[in-house]
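Structure first, then comments.
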Amino acid sequence: MSTHINANMGDIAPRVLLPGDPLRAKFIAEHFLENARCYSSVRNMLGFTGTYKGKEVSVQGTGMGGPSHSIYVNELIRFYGAKRLIRTGTCGSMDPTLRIKDMVIVQAAAADCGMNQIRFGIKGLVYPPVADFELLRDAVDAAKRLGYPARVATTYSGDLFYDDNAEEKEKLLQNYGVPCVEMECAELFTVAARLGAQALGILTVSDMIFEESHCSAKEREQSFTRMMEVALEAI
Ligand code: HPA
């Protein structure tokens with residue numbers, strides 16, 4: 001057992017999907033995994049292990065934002081032997097050609113991340129959080145095989161959901177080819193690199209940043225089937 005996950009060694013598979021929302025973890029376990037069992041409900045941050053096409057897979061909620069995500073990813077890798085981790089989450093689109101429910105396979109993360117400022121910025125370094133190439137290739141191949149369109153892109157992992165300077169930052173990054181915003185991929189890629197694990201992000205657009213358009217909470221929980229299929233095939 002670790003501080004935030006009440007499981008025994010062996011309860012969690014080396015392959016782990018990481019939705020932010022613990023109810024989405026439950027949804028994935030109930031709809032996509034066979035013989036799924038819940039291994040932890042500490043803070044209601046549910047985690048399940050089951051099998052997908054004979055492959056043992058876990059799915060662990062991580063909460064929202066880099067610091068919460070960081071705690072779960074650290075514990076999964078350090079204490080339970082997680083080796084391949086895919087964040088399956090939502091993002092906002094700041095690109096008019098990237099629409100609600102579109103899929104993004106994340107190859108890198110720009111960030112205003114306080115955590116990498118602590119790790120690297122104070123030493124005058126800029127660190128580029130990138131996805132694992134093999135997982136990225138496997139996800140692209142899986143999406144192609146399944147016939148699901150997906151854009152490979154850089155995300156913006158922002159620390160502040162409610163940010164006074166959001167529009168300025170998002171427009172600047174959009175000029176540099178960054179089409180979407182979420183809050184966790186930069187920390188996932190950085191921690192995985194530090195601990196020798198493979199990591200990837202697969203995102204579904206839940207809202208348009210510069211338009212009045214977004215998914216309902218129910219849709220957030222239930223309508224991301226294609227992304228989950230790609231993640232389960234790739235993991
Ligand atoms: N901002 C940050 N994170 C998000 C968003 C957003 O608009 N949508 C989904 N995750």
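The values are calculated or read from the model by the stated rules, or taken from the named source; none is laboratory data. Note that the structure is a prediction, hence the values are computed from the model and not measured. Ideal geometry is used to build each Cβ from the backbone, glycine not excepted, and the neighbour counts take in all protein chains shown.
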Count, please, the residues in the stretch 41-59 that happen to be buried (at least 21 other Cβ atoms within 10 Å of the Cβ) and hydroxyl-bearing (Ser, Thr, Tyr).
3
Among the residues of the stretch 24-36, are any away from the ligand (no atom under 16 Å from the Cβ), surrounded by fewer than 18 Cβ atoms within 10 Å (Cβ to Cβ), of a type outside the set (Ser, Thr, Tyr) and assigned to a helix (DSSP H, G or I)?
yes
Tell me, please, whether a residue that is in contact with a strand residue (DSSP E or B) (Cβ under 7 Å, 6 or more places away or on another chain) and touching a residue at least 40 places away in the same chain (Cβ under 8 Å) can be found in the stretch 32-44.
yes
Determine whether the stretch 186-197 contains at least one residue that is over 13 Å from the mean Cα position of the chain (by Cα), at pLDDT 95 or above, away from the ligand (no atom under 16 Å from the Cβ) and in a loop (DSSP other than H, G, I, E, B).
yes
Cβ-Cβ distance below 9 Å, separation of 6 or more or different chains: which pairs start in the stretch 154-175 with a residue that is assigned to a strand (DSSP E or B) and end on one that is among the aromatic types (Phe, Trp, Tyr)?
154/176; 157/189
Taking the stated definitions as given, is residue 135 away from the ligand (no atom under 16 Å from the Cβ), in contact with a strand residue (DSSP E or B) (Cβ under 9 Å, 6 or more places away or on another chain) and within 15 Å of residue 184 (Cβ to Cβ)?
no
Consider residue 10 against the criteria (1) at pLDDT 95 or above; (2) within 16 Å of the ligand (Cβ to nearest atom): it satisfies all of them except one. Which criterion is unmet?
(2)
